[in-house]
Amino acid sequence: MEVLEMVGTPEQKDRWLKPLLNGEIRSAYVMTEPGVASSDASNLETSAVLDGDDWVINGEKYFISGAGDPRCKILICMLKTNPEASRKGQHSQILVPMDTPGVKVLGPMRVFGADHAPQGHMHMRFENVRVPRENILLGEGRGFEISQMRLGPGRIHHCMRTIGKAEVALDLMVKRGNSRTAFGRPLSQLGKNLEVIARARCDIEAMRLIVLKAAKAMDLLGNREARVWVSMAKAMIPERACRIIDEAIQIHGATGISHWTPLAELYADVRHLRFADGPDEVHYMVVGRDELARH
């Protein structure tokens, strides 16, 4: 919705944005590929070639979140349209209706064994998929530009939800620690568990503040100039939340990895965020480069 609102033509907005805003349909963003290191998006190879007034698309994508939902009707695809252009000018983003001939959903990718139905993270193939030339967003070669517009808000959204999951994990950790006794004392008073609980609270408050600062930077400076703060948040928060959830699992014992608590599912969800919308290493690289540039 954000992409269409920012760069869609009036016709594209009328056809796709209105029903999305009304909750009548859903969409999916199609980028990651199994055959290349997609953390560097300039590696993406799925092609779109002009043939008359149509783009002809061929290639394979995976972990396409939401594409398994029967309400998903429109795809925004990151595609290579000009292999001869500069590294950041080779790719474009093109709208592909889900029911276009040649769009094939091969099945869901499992995340720690779960298929995340009904939305899923789908493995897809595009075989001679034809869409009109006017389905391109913003213009040829501007795929990276669009990505920078959408990824800032998307990463902030991930971080906000992740803080909530860390808060749930801490709440469960404290309740378990206070309600179970071993070796004559509550679990919360055994070993370093009291310090673990304290550090989790400190981390959560630090996570809230970094998200607030990143969001303020986006409001005042714009997404591009705020990217370092967004990368700080995106690198730091899933990493620390994973640790908090893992510690909550530990204090629950075997119950923590079972279906009797939400902790196993929370862990799988947050652990995958250390890849989604850029792996930790890429975000730390952004922050590190900025720090070096100051000198």
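The values are calculated or read from the model by the stated rules, or taken from the named source; none is laboratory data. A quick note: this is a predicted structure, and the numbers were derived from the prediction, not measured. Glycine also receives a Cβ, built like all others from the backbone with ideal geometry; neighbour counts cover every protein chain displayed. The area values use the complete protein model at the heavy-atom level, side chains included, leaving out ligands, DNA and RNA. Shrake-Rupley method; radii C 1.70, N 1.55, O 1.52, S 1.80 Å.
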Of those in region 28-47 that are more than 14 Å from Q93 (Cα to Cα) and touching a Leu at 6+ places or on another chain (Cβ under 8 Å), the residue surrounded by the most Cβ atoms within 10 Å (Cβ to Cβ) is S38
Here the qualifying pairs (Cβ atoms under 6 Å; residues six or more apart or on different chains; first in region 1-24 and surrounded by 11 or more Cβ atoms within 10 Å (Cβ to Cβ) and of a type in the set (A, V, I, L, M, F, W, C); second modelled with pLDDT under 95 and part of a loop (DSSP other than H, G, I, E, B)) come out as V7/L138; L20/M1
Being outside any strand (DSSP E or B) and closer than 19 Å to R142 by Cα narrows S38, S92 down to just S38
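Considering only region 96-104, I want to know if a residue exists there that is open to solvent by 30 Å² or more (accessible area, probe 1.4 Å), under 30 Å from T255 (Cα atoms) and part of a strand (DSSP E or B). Please lay out each step first, then the result.
Initially, region 96-104 is screened for residues open to solvent by 30 Å² or more (accessible area, probe 1.4 Å), giving 98-99, 101, 104.
Next cut, under 30 Å from T255 (Cα atoms) only: none.
No.
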Taking region 239-261 and keeping only residues that are surrounded by fewer than 20 Cβ atoms within 10 Å (Cβ to Cβ) and either touching a Leu at 6+ places or on another chain (Cβ under 8 Å) or among the aliphatic types (A, V, I, L, M) (or both), one is left with A254, I257, T261
Of the residues in region 186-222, those that are farther than 19 Å from A169 by Cβ, open to solvent by 30 Å² or more (accessible area, probe 1.4 Å) and not in a helix (DSSP H, G or I) number 0
Of M236, M232, the only residue that is out of contact with any strand residue (DSSP E or B) (no Cβ under 7 Å at 6 or more places or on another chain), within 16 Å of G152 (Cα to Cα) and open to solvent by 50 Å² or more (accessible area, probe 1.4 Å) is M232
Looking for something in contact with a Pro (Cβ under 9 Å, 6 or more places away or on another chain) and closer than 26 Å to L263 by Cβ - is there at least one such residue anywhere in region 202-217?
no
Expected single match for in contact with a Lys or Arg (Cβ under 9 Å, 6 or more places away or on another chain) and either in a strand (DSSP E or B) or surrounded by 14 or more Cβ atoms within 10 Å (Cβ to Cβ) (or both) among L79, L50 is L50
Of the candidates K80, K61, K104, the one satisfying the condition of being in contact (Cβ under 8 Å) with a residue 24 or more places away in the chain, closer than 15 Å to M122 by Cβ and basic (K, R) is K61
When every residue in region 112-129 that is assigned to a strand (DSSP E or B) and either without any contact (Cβ under 8 Å) to a residue 24 or more places away in the chain or crowded, with 17+ Cβ neighbours inside 10 Å (or both) is compared, the one farthest from the chain's Cα centre (by Cα) is V129
Considering region 53-76, residues that are more than 23 Å from the chain's Cα centre (by Cα) and crowded, with 16+ Cβ neighbours inside 10 Å, and then whichever is farthest from L106 (Cα to Cα), we arrive at W55
Residues of region 156-185 being assigned to a helix (DSSP H, G or I), open to solvent by 80 Å² or more (accessible area, probe 1.4 Å) and hydrophobic (A, V, I, L, M, F, W, C), in sequence order, are M160
